[in-house]
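Trainee: Sharing a structure below in structure tokens format, with a few things to ask.
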Amino acid sequence: MGAQLAVTFTGLRFENPFLLASAPPTESDSNIMRAFDAGWGGVVTKTIGLHPVVNVDGPKTKFLRSTPDSPLLSMKKRPGTALHSSWNWELISDKPLDWWIPKLGRIKAAYPNRILVASIMAGSGTDEELRNWQHLARACQDEGADALELNLSCPHMDRKDMGSNIGTDTEQISIVTHAVKEVARVPIWAKLTPSTTDIVIEARGAFLGGADAITSSNTFPSLPPIDPETLEFEMNVDGYVSSGGMGGPAILPMSMAKMAQMTQAFPDKAFSGIGGIADFSQALNYFLLGCGTVQVCTAAMLDHAIGSNVINQLISGMQQMMEARGWPTLEAFRGLRRDRVVTHSQIRRPAAKAYHGGYESEGYASTSPEPVKTADAQG
Ligand SMILES: Cc1cc2nc3c(=O)[nH]c(=O)nc-3n(C[C@H](O)[C@H](O)[C@H](O)COP(=O)(O)O)c2cc1C
């Protein structure tokens with residue numbers, strides 16, 4: 001029998017472990033249904049809030065491209081370039097909950113075996129805002145959403161009580177997650193921001209609040225480059241720009257580092273990996289670090305808006321690789337490289353040379369009396 005891509009993640013059965021992430025590919029019912037037809041095992045809706053939002057007066061997403069044999073990195077369209085990353089300052093869904101509600105029900109009725117995750121977001125810090133989270137959660141699960149993903153990570157919110165602004169506040173993460181857990185009958189995934197010094201702390205807060213899984217990464221806070229000719233940001237409105245988020249190939253290694261920290265700290269917990277996935281080889285990184293599902297955004301945006309080729313390649317590439325290695329299911333290799341990420345001093349040194357992590361005299365902290373500084377050594 002061939003390799004089986006079906007997985008169970010937070011108690012839900014997925015035909016395959018590949019999901020569209022919360023973003024433009026999942027901004028409407030028609031997109032989501034096209035995505036299911038194309039073969040995605042699940043989707044996370046564009047983040048749903050209670051009120052409509054108004055986006056900037058101009059493009060919401062652009063793509064940074066590099067040029068071979070040149071250091072140029074630019075959003076300008078030109079031939080012969082390779083994708084470096086996406087940059088966006090798009091807010092959550094500009095359609096409010098009322099718009100989404102009947103559509104969620106219709107999607108689920110048409111695709112009962114596919115997994116529909118509703119991404120939701122409200123404020124924090126008051127009972128009223130916590131009730132807003134609960135309202136969103138109840139409304140989405142009543143329409144058949146299989147799970148809820150809490151957006152604790154949108155990088156471009158002015159409000160201090162929302163998105164990535166609370167994604168670094170462990171207490172608020174726990175409080176919000178707990179409030180949703182109180183009313184949820186379905187699993188809760190907490191989507192964390194990578195913009196933090198030690199993501200393990202925030203992950204712990206989410207698990208303490210009752211999260212069933214962590215999703216990571218959202219986009220990395222960043223600015224678009226400045227055009228050396230015009231001296232304008234390559235993306236701006238009236239010359240102004242605000243912090244946005246970077247996704248796509250450039251964030252894969254950074255997102256992996258965040259994921260490795262969490263899967264090592266919580267080896268028995270569930271993780272959904274995102275960041276720079278375009279084919280099975282990138283998805284494999286996250287599975288080898290211990291993730292049970294992965295999600296895709298940038299690559300799908302550039303492929304018929306919903307990634308129809310991307311999902312075909314993910315499925316066929318992963319299946320072929322598993323068959324070639326004799327792995328019957330994803331569990332055969334999930335987490336196989338999690339424990340290969342170690343402290344620097346655990347990495348082998350050249351023969352007969354020891355290193356003690358900078359704690360001994362050869363390192364940064366001298367155990368001998370303070371050496372006398374010569375003129376050359378003074379910095
Ligand atoms: C244009 C755009 C809009 C996005 N909107 C949301 C959103 O509403 N909610 C959310 O949780 N993440 C949102 N994201 C983040 C993606 O879900 C994903 O975490 C990020 O792009 C990294 O994945 P990638 O490298 O595959 O692009 C958005 C990303 C982009 C590019």
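Trainee: Using helices alone, I'd like the mean residue ellipticity at 222 nm for the chain: each DSSP H run of four-plus residues gives -39500 (n - 2.57), total over residue count, nearest 500.
Mentor: Per the formula, -9500 deg cm²/dmol.
Trainee: For the residue pair S243 and E323, what label-to-label distance in nm results when each label sits 7 Å from Cα along the Cα-to-beta-carbon direction?
Mentor: 4.8 nm
Trainee: Solvent-accessible area per residue for the chain at a 1.4 Å probe radius, Å²?
Mentor: 47 Å²
Trainee: Could you name the aspartates and glutamates in cross-link range of K60, using Cα to Cα under 13 Å and dropping any fewer than eight places away on the same chain?
Mentor: Counting by Cα, and skipping residues close in sequence, K60 has these aspartates and glutamates nearby: E90, D94, E234.
Trainee: Still on this model: With a ≥ b ≥ c the root eigenvalues of the C-alpha gyration tensor of segment 17-170, is it rounded (a/c under 1.5), prolate (a/b larger than b/c) or oblate?
Mentor: On the way: a/c = 2.32, a/b = 1.36, b/c = 1.70.
Since a/c reaches 1.5 but b/c is at least a/b, the shape of segment 17-170 is classed as oblate.
Trainee: What is the sum of charges around F63, taking Lys and Arg as +1, Asp and Glu as -1, for the other residues whose C-beta is under 11 Å from the C-beta of F63? Don't jump to the answer; show the numbers that get you there.
Mentor: Numbers: positive: K62, R65, K76, K77; negative: E234.
Every neighbour counted, the sum reads +3.
Trainee: Any chance you could list P(r) for segment 175-321, counting all Cα-Cα pairs in 5 angstrom bins from zero, rounded to whole %?
Mentor: Calculated over all Cα pairs of segment 175-321, the distribution is 2, 9, 16, 17, 17, 14, 12, 7, 4, 1, 0, 0 percent.
Trainee: Which whole DSSP H helices in the chain pass both tests: a Cα extent of 18 Å or more along the axis and a mean Kyte-Doolittle value no lower than -1.0?
Mentor: Membrane-span-like by this criterion, though nothing is claimed about a membrane: 97-110, 170-183, 252-265, 308-325.
Trainee: Which of the three applies to segment 31-119, rounded, prolate or oblate, going by the alpha-carbon gyration tensor with a ≥ b ≥ c and a/c under 1.5 meaning rounded?
Mentor: Details: a/c = 3.91, a/b = 1.75, b/c = 2.23.
It comes out oblate by the Cα gyration axes.
Trainee: Springs between alpha-carbon pairs under 10 angstrom, Gaussian network model over the chain: which of R78, R349, R106 fluctuates most?
Mentor: Maximum fluctuation in the GNM of the chain, among the listed residues, is at R349.
Trainee: Could you give the C-alpha radius of gyration of segment 121-249 expressed as a fraction of 2.2 N^0.38 Å, taking N as the number of residues it contains?
Mentor: That works out to 1.19 for segment 121-249.
Trainee: Rounded if a/c is under 1.5, else prolate if a/b beats b/c, else oblate: with a ≥ b ≥ c from the C-alpha gyration tensor eigenvalues square-rooted, which is the chain?
Mentor: Taking the square roots of the gyration eigenvalues as a ≥ b ≥ c, the chain is rounded.
Trainee: If you don't mind, another one. According to the Cα gyration tensor, what semi-axes, each the square root of 5 times an eigenvalue, does the equivalent ellipsoid of segment 122-168 have, listed from largest to smallest in whole Å?
Mentor: Working from the Cα gyration tensor, I get semi-axes of 21, 13, 7 Å.
Trainee: To continue, here is another question. Probe 1.4 Å, all protein chains in place: accessible area of H51 in Å², nearest 10?
Mentor: Taking all protein chains as shown, H51 has close to 130 Å².
Trainee: Something else: Quick one: which of 94-104, 188-198 comes out on top by average Cβ neighbours within 10 Å, and what's the full order, highest first?
Mentor: The most tightly packed comes first, giving 188-198, 94-104.
The values are calculated or read from the model by the stated rules, or taken from the named source; none is laboratory data. Please read all numbers here as calculations on a predicted model, not as lab measurements. Glycine gets a Cβ as well: all are built from the backbone with ideal geometry, and neighbour counts include every protein chain shown. We work out accessible area using only protein heavy atoms, side chains counted, and drop any ligands, DNA or RNA first. Shrake-Rupley method; radii C 1.70, N 1.55, O 1.52, S 1.80 Å.
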